[in-house]
Amino acid sequence: MKGIIRISNTSDVITNSSSEVFVVKTNRPNIDLKELISKHHKEHSWHGVRDLDDVPSGLKHILTDELIELIREESNSGSGMGGECSVYDWRDGFERYKKYNHLTKLTVEEWAEKLNKPLEELQSIVVVDIDWECRATINMLERDFNIINENDDAYDDFYYTQFVYGYQY
């Protein structure tokens, strides 16, 4: 699934298929947002949620199907990506770009110019790459943000490619 989340004056978020990828554009300090997302992910991670499929029939009066589904929606588990959640910002993209292009003396201003993006815009982006089974964190992002899906013209994976891999776009 690919999409963009637009936040009134706080953020834009983008997602993709095997895992969920969110690109968050924010006027909030990126370090705070990175920490908030990582903390939420950690506080809601529980791989025992898979065992809920095997609840003994004698406990079904306590752990009803509705309660089990609620637990699943409020937990981060894992699929092929192992329940991981990685958060990247402009600092990651800048360092990866310098390394990928062997430009050790590059300044952030030169980097922004090479990418043809205003530095302020680059510094307002956070990318989240998260296992699609991390329902609690994805639900938090979806609940707090207005999502536009991959068919929207506004979708562009420039920030994911740049921040995660450092490729010149």
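Where a number appears in this text, it was derived from the coordinates with a stated rule and is not lab data. If you're wondering where the values come from, they're calculated on a predicted model, not measured in any experiment. Ideal geometry is used to build each Cβ from the backbone, glycine not excepted, and the neighbour counts take in all protein chains shown.
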Q) What's the FRET efficiency of Glu84 with Asp32 using the Cβ-Cβ distance as r and R₀ = 25 Å, to the nearest 0.05? A) 0.75
Q.
If you only keep lysine pairs separated by 8 or more in sequence, or across chains, how many in the stretch 28-132 come under 20 Å at the Cα atoms?
A. 7
Q: Just order 127-138, 88-99 by mean Cβ neighbour count inside 10 Å, highest at the front, would you?
A: 127-138, 88-99
Q) Residues with amide H under 5 Å of Val126's amide H, sequence separation 5 or more or different chain, H placed in the peptide plane at 1.01 Å from N; which? A) Val24, Lys25, Thr26
